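For reference, the structure is listed below as structure tokens.
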Amino acid sequence: MLITDQHPHNKSIMVSLLGKPNAGKSTLANHLLGFDLSIVSSKPQTTRNTFHCVLTIDRTEIILVDTPGVHSSGQELNVRMNGQAEYGSEGTDLNLLLVDANKDTLEEVKEFSKEFEHKLDKTWVIFTKTDRVKEDRDFEAEFSEIQKIIPNAERFFNISAKSGDNVHLLIGDICDEAEEGPHLYPNGNVSNKNERFFATEYIREQAFKVLKDEIPYEVAVVIEDYQDAFEKDEKKLDTRISASILVNRPSQRGIVVGKKGAIIKQIGTEARKKIEAMVGSRVHLNLHVKVSPKWFKNNFVLEEIGLPRVQKSKRVWRSRND
Ligand SMILES: Nc1nc2c(ncn2[C@@H]2O[C@H](COP(=O)(O)OP(=O)(O)O)[C@@H](O)[C@H]2O)c(=O)[nH]1
Ligand SMILES: [Mg+2]
């Protein structure tokens, strides 16, 4: 996309957010954006796709590339999610490797690099969730050990996206790294994904919050029909969305629906509020539960939820009606 009339001193930088599941990548992206674009939950593997979160500070455009957490699992869904993370670090100017400071940070980085085959160029290590760290920590020493695994790790920060501690230092230094060049996104654009994508995310976010055990991981959301709000005869008509929540097993259908539909209603109500805030109109959200056995191995579904095949993909060619 060519944006005309750019200021000659515009700057831009693309920064990937990498790490293990639950490290706090999406929370940091949201904190920097100033609103909850990316979905967050206390359960790991909430983010499944790589996408851009765009913010502009003065003349500097910062494109944060949120990615799924990298972890080991032979399952096709996870293989493709790891692939998304690798793809998310390609062609960026800087990698932020987020590590939960409440865990054994060296061990976390070892596990991350075991699964992440893409070579990391310029990298900063970000120790996260420091609001929960009680004891005195020698982050400098921990960082030195991490440098032995990630030789391109240049420096480290310890931050809390919850309390905001040190986040201003990080963002200031990211701005300093940005080089002069045109902005890639027009003013006001916040992502390379559309509202339809975020609608499925907001539905899945609520499913992650409400459902327990393994069920969230066996849930996917696909849009069946999406009609933008429009005006007709001087009346503003609602955005109309019809979406399916896919589950793996028939027994999960009842759990997602809940007693007298209570659970699906709760998911729908909360997701609708967030979608309404995004699209700026009232939303009519129609949710159904559909049993789609082993959807997480089904190429058709995986493609539909934005997870194309990667090099390590298994041969999984199934039809929509599996
Ligand atoms: N206490 C605390 N919790 C955090 C912080 N950042 C993230 N979290 C929590 O960690 C969990 C995972 O966060 P999320 O951003 O989804 O991690 P991601 O998988 O790396 O994207 C959520 O429950 C967040 O609320 C932080 O700075 N402090
Ligand atoms: Mg995330």
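With the structure loaded, tell me whether Val40 is open to solvent by 10 Å² or more (accessible area, probe 1.4 Å), outside the structural domain of Ala277 (by TED's automatic domain parsing) and within 14 Å of the chain's Cα centre (by Cα) or whether it fails that test. Show your work before the answer.
Values: open to solvent by 10 Å² or more (accessible area, probe 1.4 Å): yes; outside the structural domain of Ala277 (by TED's automatic domain parsing): yes; within 14 Å of the chain's Cα centre (by Cα): yes.
So Val40 fits the description; yes.
Which of the residues belonging to region 277-298 are touching a residue at least 12 places away in the same chain (Cβ under 8 Å) and either assigned to a helix (DSSP H, G or I) or not assigned by TED's automatic domain parsing to the domain that holds Leu246 (or both)?
Met278, Val279, Trp295, Phe296, Lys297
For Arg240, state whether it is out of contact with any helix residue (DSSP H, G or I) (no Cβ under 7 Å at 6 or more places or on another chain) and at pLDDT 95 or above.
Values: out of contact with any helix residue (DSSP H, G or I) (no Cβ under 7 Å at 6 or more places or on another chain): yes; at pLDDT 95 or above: yes.
Taking the combined requirement at face value, the residue satisfies it.
Pick out, from region 7-120, the strands (runs of 3 or more DSSP E) lying fully within it that include 1 or more residues that are acidic (Asp, Glu) and within 16 Å of ligand 2 (Cβ to nearest atom). Before you say what the answer is, go through the steps one by one.
Working: elements: 11-19, 51-57, 60-66, 94-100.
In region 7-120, 60-66, 94-100 are the strands (runs of 3 or more DSSP E) which contain 1 or more residues that are acidic (Asp, Glu) and within 16 Å of ligand 2 (Cβ to nearest atom).
When the residues of region 104-131 are narrowed to those that are out of contact with any Lys or Arg (no Cβ under 9 Å at 6 or more places or on another chain) and of a type in the set (Lys, Arg), which ends up farthest from Arg80 (Cα to Cα)?
Lys122
Condition first: touching a helix residue (DSSP H, G or I) at 6+ places or on another chain (Cβ under 8 Å) and not in a helix (DSSP H, G or I). Now tell me which residues in region 156-189 satisfy that. Spell out how you get there, then give the answer.
Here is the first cut: in region 156-189, the residues touching a helix residue (DSSP H, G or I) at 6+ places or on another chain (Cβ under 8 Å) are 156-167, 171.
Scanning region 156-189 gives Phe156, Phe157, Asn158, Ile159, Ser160, Ala161, Lys162, Ser163, Gly164, Asp165, Asn166.
Which ones in region 99-132 are open to solvent by 20 Å² or more (accessible area, probe 1.4 Å) and of a type in the set (Asp, Glu)?
Once the filter is applied, which keeps residues that are open to solvent by 20 Å² or more (accessible area, probe 1.4 Å) and of a type in the set (Asp, Glu), region 99-132 yields Asp104, Glu107, Glu108, Glu111, Glu115, Glu117, Asp121, Asp131.
Condition first: open to solvent by 80 Å² or more (accessible area, probe 1.4 Å) and either away from ligand 1 (no atom under 16 Å from the Cβ) or aromatic (Phe, Trp, Tyr) (or both). Can you find one or more residues in region 143-153 that meet it?
Applying the first criterion (open to solvent by 80 Å² or more (accessible area, probe 1.4 Å)) to region 143-153 yields 148, 151.
This time we only want the ones that are either away from ligand 1 (no atom under 16 Å from the Cβ) or aromatic (Phe, Trp, Tyr) (or both), so: 148, 151.
Checked against the condition, which is being open to solvent by 80 Å² or more (accessible area, probe 1.4 Å) and either away from ligand 1 (no atom under 16 Å from the Cβ) or aromatic (Phe, Trp, Tyr) (or both), region 143-153 yields at least one hit.
Looking only at region 125-142, which residues are in contact (Cβ under 8 Å) with a residue 40 or more places away in the chain and either more than 16 Å from ligand 1 (Cβ to nearest atom) or not basic (Lys, Arg) (or both)? Break it down into steps so the answer makes sense when it comes.
The first filter runs over region 125-142 and keeps only residues in contact (Cβ under 8 Å) with a residue 40 or more places away in the chain, leaving 126, 128-129.
Once the filter is applied, which keeps residues that are in contact (Cβ under 8 Å) with a residue 40 or more places away in the chain and either more than 16 Å from ligand 1 (Cβ to nearest atom) or not basic (Lys, Arg) (or both), region 125-142 yields Ile126, Thr128.
Would you mind telling me which numbered condition in (1) at pLDDT below 95; (2) within 14 Å of ligand 1 (Cβ to nearest atom) His7 fails?
(2)
From Gly24, Gly74, grab the single residue that is modelled with pLDDT of 95 or more and either within 12 Å of ligand 1 (Cβ to nearest atom) or over 13 Å from the mean Cα position of the chain (by Cα) (or both).
Working: Gly74 fails: modelled with pLDDT of 95 or more.
Result: Gly24 is the single residue among Gly24, Gly74 that is modelled with pLDDT of 95 or more and either within 12 Å of ligand 1 (Cβ to nearest atom) or over 13 Å from the mean Cα position of the chain (by Cα) (or both).
From the list Gly306, Gly261, pick out the single residue that is on the phi > 0 side of the Ramachandran plot, surrounded by 14 or more Cβ atoms within 10 Å (Cβ to Cβ), modelled with pLDDT of 95 or more and not charged (D, E, K, R).
Values: Gly261 fails: surrounded by 14 or more Cβ atoms within 10 Å (Cβ to Cβ).
Among Gly306, Gly261, only Gly306 is on the phi > 0 side of the Ramachandran plot, surrounded by 14 or more Cβ atoms within 10 Å (Cβ to Cβ), modelled with pLDDT of 95 or more and not charged (D, E, K, R).
Applying the selection to region 244-256, what residues are assigned to a helix (DSSP H, G or I) and either open to solvent by 70 Å² or more (accessible area, probe 1.4 Å) or within 16 Å of Glu205 (Cα to Cα) (or both)?
Initially, region 244-256 is screened for residues assigned to a helix (DSSP H, G or I), giving 250-256.
Those that are assigned to a helix (DSSP H, G or I) and either open to solvent by 70 Å² or more (accessible area, probe 1.4 Å) or within 16 Å of Glu205 (Cα to Cα) (or both): Pro250, Ser251, Arg253, Ile255, Val256.
The values are calculated or read from the model by the stated rules, or taken from the named source; none is laboratory data. On a predicted model such as this, the values are computed, not experimentally measured, just so you know. Don't worry about glycine lacking a Cβ; one is built from the backbone with ideal geometry, like all the others, and counts go over all protein chains shown. Accessible surface is based on the protein model in full, side chains and every heavy atom, while ligands, DNA and RNA are left aside. Shrake-Rupley method; radii C 1.70, N 1.55, O 1.52, S 1.80 Å.
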